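So the structure is just underneath, and the comments pick up after that.
The values are calculated or read from the model by the stated rules, or taken from the named source; none is laboratory data. Keep in mind that this is a model prediction, so the values were computed, not measured. Cβ sites come from the backbone with ideal geometry, for glycine too, and all protein chains shown count toward neighbours. Note: accessible area is taken over every heavy atom of the protein model, side chains too, but ligands, DNA and RNA are not part of it. Shrake-Rupley method; radii C 1.70, N 1.55, O 1.52, S 1.80 Å.
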Amino acid sequence: MSDTISIDDHTIGPGERQQIQLNIARLPTYTNIDLPVHVFRAEKEGPTLLLTGGLHGDELNGIEIVRRMVYKDMLMPKRGSVIALPLVNVYGFIQNVRGLPDGKDINRSFPGSKGGSLARLLAHTLMKKIIPQVDYGIDFHTGGSARANYPQVRCTFDVDENMKLAKAFEPPFIVHSSLIKKSFRKAAHNKGKPILVYETGESTRYDETGIQEGINGTLRLMKSLGLKEEAPEAEHSTEIFKKTTWVRAKYAGLFQPKIKLGDSVEKKQVLGHVTDPYGNERFKFVCPYKGRVIGLNYAPVVHKGDALLHLAYHQ
């Protein structure tokens, strides 16, 4: 940890805490859009942990995890530093949508550019002003519309340090996820900064269990890094999965699952049915592998090829 953390014209020394407003751009109405950044620093030196929520504007669970930790004063470390951005995509949050006004996904716009699209400008701001200050990070995410995720950490198993961080978080599930081109996690990895992705719940809905699990896991990771002296013990064991697959609808119709999010399932187990709306047809779908349901589609109406559930498995 350096003696100071410098973000724009703000300098934060050991033992200090500040909230900084990073200006991004302005709306056509001349309303400025600022990115609030909380910085918490201990007197004692140590690593710097980054917490980010709301890269996608409609993913509320990640925003709420970081917001609660800020509000409840959980982030002032005993050593080292924490930088917290509860809401990165202010534009998407205002409009209750995933992306930005230019229609682009910020999490496919990294490392960004100063003269590019709004998504690339926001990505550039994170990479130039925030990432150089940190050592590790957790990026909090949520499932899509009507698609819920069971609390899980995603990381690449190909990098030992990523697995070490994920195990310290102690989520119910750790799932292998390759580094995706132009994602925040990939861009940070290229700079030598490991970022975990935590997923829980569905967009525009609170998942209270997943929110609390995210808070507890963050505290456990902080303790592992030496930022905290105490953290809640996990009430579950962690299952680790190298492989995942989506089970997709072979027919259009009404989706009626027979399993719940987080369930253990067996190979060839009947997972549910897709029926027509007229009472004439009923098609079952079965599990391809023994594993766990880590994602589930809650939309009753599905089309051929739609993802019905996300399965984590061993093979």
Cα-Cα pairs of segment 29-130 separated by more than 23 Å (percent): 30 percent
Accessible area (Å², per residue) of the chain, counting only protein heavy atoms and a probe of 1.4 Å: 47 Å²
Matching label, mean projected area of the Cα convex hull in nm² computed from the structure shown, candidates (i) 15.8; (ii) 17.2; (iii) 14.6: (ii)
Size of charge dipole - segment 180-286 - debye, nearest 20, with Cβ of Lys, Arg +1 and Asp, Glu -1, no other charges: 880 debye
Highest-fluctuation residue, D207, D263, D58 considered, GNM on the chain with Cα pairs under 10 Å: D263
Residue of H236, H56, H176 that the Gaussian network model of the chain assigns the largest fluctuation, springs spanning Cα pairs under 10 Å: H236
Segment 1-137: relative contact order in percent, alpha carbon pairs under 8 Å with at least 6 residues between: 23 percent
³J(HN,Hα), Karplus 6.51/-1.76/1.60, whole Hz, each residue of segment 182-199, x for Gly, Pro: 6, 8, 4, 4, 5, 5, 5, 4, 5, 9, x, 10, x, 10, 8, 10, 9, 10
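If each DSSP helix of 4+ residues adds -39,500 (n - 2.57) and the sum is divided by the residues in the chain, what number results at 222 nm, nearest 500 deg cm²/dmol? Provide the component values of the computation, followed by the final result.
Working: 6 runs with 60 residues, N = 315.
Estimated from H runs of four or more residues: -5500 deg cm²/dmol.
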Relative contact order (percent, whole number), the chain, Cα cutoff 8 Å, 6+ residue spacing: 15 percent
Heavy-atom accessible surface of the chain: percent carbon and sulfur, 1.4 Å: 47 percent
Computed over segment 237-300, the ratio Rg/Rh where both radii use C-alpha atoms and Rh is Kirkwood: 1.01
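Can you tell me the order of 17-27, 32-42 when each peptide is scored by its average per-residue count of other Cβ atoms within 10 angstrom, highest first? Please report the intermediate quantities before stating the final value.
Details: 17-27: 13.7, 32-42: 18.5.
Result, highest mean Cβ count within 10 Å first: 32-42, 17-27.
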